[in-house]
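**Q** Before I ask anything, here is the structure I am working with.
The values are calculated or read from the model by the stated rules, or taken from the named source; none is laboratory data. All figures in this text were calculated on a predicted structure; none of them were measured in a lab. FYI the Cβ positions are ideal-geometry reconstructions off the backbone, even for glycines, and counts take in every protein chain you see. Please note that ligands, DNA and RNA were not included when accessible areas were found on the heavy atoms of the full protein model with its side chains. Shrake-Rupley method; radii C 1.70, N 1.55, O 1.52, S 1.80 Å.
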Amino acid sequence: MQFQQLQYFVAVAETRHFTRAAEAVHVAQPSLSQQIKALERELGADLFLRARGNITLTDAGEALLPLARRILADADTARHEVLELLQLRSGRVRLGAPPSLCTGLLPDVLRAFHDRYPGVQLIIEESGSHDLVRELARGALDLALVVLPLPTPSPALTTVELLREDLVVVSSPEADPPGGGRQTVRVADLESERLVMFRHGYDLRELTVAACRVEGFEPDFAVEGGEMDAVLGFVRAGLGVAVVPRMVAARAGHGLRVTPLARPGLQRTIALAHRSDVAPPRAARELQRMLLER
């Protein structure tokens, strides 16, 4: 019994027509008929009742059909699993993330992934959650790190919480400390500070501005519109203070004063997102596992 014979048998059983079945499996009709007859000889039973314009299954054909379908499905699964394994030797992963996470969380995880799967190409897109959700939805990304809650609820995305991170205030050591030099800074203290602010679309911008408005004031921007590296550079130069994730502040190196926010402080929740209707490629699932187990 050959795999190809089972494939032809199922095609005829589903179309109830030899010519249409041959077209469906891209083979000449005489060749398909010969293979079906060879299968019947091997099994010792007719599989079809052949009448002009009316092809039906015999009892033997009815018994074989679910088994043949299962064998074909198992073969397809085996082929898919092998291809999945091969994807870990080559292929690509398209990951979106806010720039702050590209600076803080991702370097160590991506290095570990690259060391384990050096043949997999890593494509990183830096952007805010708004843009990343849109890119996920149109299939331009396999995975994305996004800030919860999502800018707009999206039932088409599956999210898994990855971490919760405190935000801190960074300032230049050469400038007066924010909050009058206390060990912690209240959000209300930022009313008397000039802020170095991220560009529109940054989750950190919206979170900081919203927190200031809850305290009853509009923040005063010394400069705005920068990416993460630019914002940290402007703060080092003494242009103002900025609210950034603790992980970023810890990696920023010398030239910054880091002051925690007083309780309850400000936090952000980071989640790993992918489309609900499409399973990520094997390599992307492996990167997802490493991020969740980091």
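**Q** Tally the residues that are in a loop (DSSP other than H, G, I, E, B) and under 16 Å from Leu163 (Cα atoms), restricting the search to segment 266-294.
**A** 3
**Q** Here's another thing I want to ask about it. If you scan segment 241-294, which residues turn out to be open to solvent by 30 Å² or more (accessible area, probe 1.4 Å) and among the small types (Gly, Ala, Ser)?
**A** Scanning segment 241-294 gives Ala250, Gly253, Gly255, Ser276, Ala279.
**Q** Determine, yes or no, whether Glu161 is surrounded by fewer than 16 Cβ atoms within 10 Å (Cβ to Cβ) and in a helix (DSSP H, G or I).
**A** no
**Q** Please go through segment 181-195 and pick out each residue that is part of a helix (DSSP H, G or I), touching a Pro at 6+ places or on another chain (Cβ under 9 Å) and open to solvent by less than 40 Å² (accessible area, probe 1.4 Å).
**A** Passing the criteria: Asp189, Leu190.
**Q** Name the one entry in Val223, Val214, Val235 that is within 13 Å of Val170 (Cα to Cα) and either out of contact with any His (no Cβ under 8 Å at 6 or more places or on another chain) or open to solvent by 10 Å² or more (accessible area, probe 1.4 Å) (or both).
**A** Of the residues listed, the single one that is within 13 Å of Val170 (Cα to Cα) and either out of contact with any His (no Cβ under 8 Å at 6 or more places or on another chain) or open to solvent by 10 Å² or more (accessible area, probe 1.4 Å) (or both) is Val235.
**Q** Does at least one position in segment 235-250 carry a residue that is over 23 Å from Gly179 (Cα atoms), modelled with pLDDT of 90 or more and among the aliphatic types (A, V, I, L, M)?
**A** So far as segment 235-250 goes, no, none of its residues is over 23 Å from Gly179 (Cα atoms), modelled with pLDDT of 90 or more and among the aliphatic types (A, V, I, L, M).
**Q** Here is a further query. Within segment 92-118, track down each residue that is open to solvent by 40 Å² or more (accessible area, probe 1.4 Å) and either of a type in the set (A, V, I, L, M) or not in a helix (DSSP H, G or I) (or both).
**A** Arg92, Arg94, Ala112, Pro118
**Q** Can you spot a residue in segment 44-51 that is surrounded by fewer than 14 Cβ atoms within 10 Å (Cβ to Cβ) and in contact (Cβ under 8 Å) with a residue 12 or more places away in the chain?
**A** Checked segment 44-51: no residue is surrounded by fewer than 14 Cβ atoms within 10 Å (Cβ to Cβ) and in contact (Cβ under 8 Å) with a residue 12 or more places away in the chain.
**Q** Output the number of the condition that Ala175 fails; it satisfies all remaining conditions of (1) closer than 24 Å to Ala211 by Cβ; (2) without any contact (Cβ under 8 Å) to a residue 40 or more places away in the chain.
**A** Going through the list (1) closer than 24 Å to Ala211 by Cβ; (2) without any contact (Cβ under 8 Å) to a residue 40 or more places away in the chain, Ala175 breaks only (2).
**Q** Still on this structure, I have one more. Tell me yes or no: at least one residue of segment 52-75 is in contact with a Lys or Arg (Cβ under 9 Å, 6 or more places away or on another chain), in a helix (DSSP H, G or I), at pLDDT below 90 and open to solvent by less than 40 Å² (accessible area, probe 1.4 Å).
**A** no
**Q** So which residues in segment 164-180 are touching a helix residue (DSSP H, G or I) at 6+ places or on another chain (Cβ under 8 Å), more than 17 Å from Val146 (Cα to Cα) and open to solvent by 40 Å² or more (accessible area, probe 1.4 Å), if there are any at all?
**A** Hit for segment 164-180 is Gly180, nothing else.
**Q** Right, next: Kindly establish whether Thr208 is without any contact (Cβ under 8 Å) to a residue 60 or more places away in the chain and either crowded, with 18+ Cβ neighbours inside 10 Å or more than 30 Å from Gln288 (Cα to Cα) (or both).
**A** Answer is yes for this residue.
**Q** Okay, next question. Only one of these is among the aromatic types (Phe, Trp, Tyr) and part of a loop (DSSP other than H, G, I, E, B): Phe221, Phe217. Name it.
**A** The unique qualifying residue is Phe217.
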